[in-house]
Amino acid sequence: MDNSSNPDPFGPLTPLGTEEYIEQAHFFTTLATRMSENVPAQEVLASLREEALATTRLPMAIDFLLAELRHAGMFHSAMRKLPHYFTAFQSFVIGEAEDERGKFDLRVGLLVLAREAEYRARQDRQPTRQGLFFYQFESLCRNRLGYDRGLAAVADDAAYDERWKTWLLNLRRQVGMVDMADVIYVHSEHYHRRQSPEEREKLGEPLFGDREGRIALANRKKDPLFLFASLHRQLGYPEIPRTKPGDPSENVLPQVARRLEQLEKRIMLLEEEQRGGIDLTKLYAKPPSPTKLEEM
């Protein structure tokens, strides 16, 4: 599965090729859907192994995932052993979803990866490095996955060059202390144009374009959700999957049954009181027999 010796004919955002990301998107989406229907994961993987396009490397990856799932009961450990096929961000998201101490739903994590793969495989509108970053960063924010390890996983993605990797690793220390709109604005072409030639030379090449800079400037000192909403509309990166709240109507019948049971008990107590008082001896616990006391 390692393609390090072959020249990369694809762009930096699609190092595996468009076909691979189309199949990955189908794999993650179908896996999330069938797992929500309580289908065993091993059966789903075996079925998707047959569905996957044979000319891609996904069938071999599924074989390895299936073997690791039977051995360790997890996905992310297998994904980490295939860094030339699955990115560090993909492994990180699934690892957080499989963490028993966390509250991140595995099905939501699978949909996060599915939409990221769909974005990379888009042909109607060319994906951008900026759009990919905003999608990954917003996924970390909305699902509370942690910035330190999360941004380190993002920086390990082959889509980012050395300038981006250095900036992403430095961003881990700035998140929460500096407004994200200010960070984007300062590293945008819109900000660089307002500086003198000497200052532009010190700043180097901007990471974000003029449009991203104007959006960030318009959203300074506002709720970060407004910033992400504006970037989502303008850049066209996918919407972040989120856990759906439970349907309250599903709990109506159990609640009604409990209420009826409580009402029946209250009516019985009222009837006993009307007949001459409540017999409290029914509520007394019988003392243990002498033989049981000796055993104790």
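The values are calculated or read from the model by the stated rules, or taken from the named source; none is laboratory data. The model shown is predicted, which means the values in this text are computed figures rather than measured ones. Surface accessibility is based on the protein's heavy atoms, side chains included, excluding ligands, DNA and RNA. Shrake-Rupley method; radii C 1.70, N 1.55, O 1.52, S 1.80 Å.
Between Rg and the Kirkwood Rh of segment 135-191, both from Cα atoms, what is the Rg to Rh ratio? Spell out each step's value before the answer.
On the way: Rg = 11.3 Å, Rh = 11.9 Å.
Rounded to two decimals, Rg/Rh equals 0.95.
Leaving out ligands and nucleic acids, note down the accessible area per residue over segment 128-200 with a 1.4 angstrom probe, in whole Å².
48 Å²
Shape analysis of segment 3-121 based on the Cα gyration tensor places the equivalent ellipsoid semi-axes at 22, 15, 14 Å, largest first. Its convex hull of Cα atoms gives the chain a direction-averaged projected area, equal to a quarter of the hull surface, of 27.6 nm².
Could you work out which residue, out of ASN38, ASN219, ASN170, moves most in a Gaussian network model of the chain, that is, has the largest mean-square fluctuation with Cα springs under 10 Å? Taking springs between Cα atoms under 10 Å, the residue moving most is ASN38. Computed from phi, the 3J(HN,Hα) profile of segment 257-265 under the Karplus parametrisation 6.51, -1.76, 1.60 (θ = phi - 60°) reads 4, 5, 5, 4, 5, 5, 5, 4, 5 Hz, with x in place of Gly and Pro. Largest mean-square fluctuation among LYS103, LYS222, LYS202, in a Gaussian network model of the chain whose springs join Cα atoms under 10 Å apart, belongs to LYS202.
Ellipticity at 222 nm from helices only: DSSP H runs of n ≥ 4 in the chain, each -39500 (n - 2.57), divided by the residue count, give -18000 deg cm²/dmol. Its residue count N sets the reference 2.2 N^0.38 Å, and the alpha-carbon radius of gyration of segment 83-219 equals 1.12 times that reference. In sequence order, segment 66-76 has phi-based couplings of 5, 5, 5, 5, 5, 8, 10, x, 9, 9, 5 Hz under the Karplus curve 6.51 cos²θ - 1.76 cosθ + 1.60, θ = phi - 60°, and Gly or Pro positions carry x. Comparing mean-square fluctuations of PRO254, PRO59, PRO40 from a GNM of the chain with C-alpha springs under 10 Å, the top value falls on PRO254. Kirkwood radius and radius of gyration were both taken over the C-alpha atoms of segment 52-91, and their ratio Rg/Rh is 0.97. The alpha carbon convex hull volume per residue for segment 10-63 rounds to 67 Å³.
Which whole-number percent gives the relative contact order of the chain, counting Cα pairs below 8 Å spaced six or more residues apart? Walk me through the numbers before you get to the answer.
On the way: 287 pairs, mean separation 47.1, N = 296.
Contact order relative to length: 16 percent.
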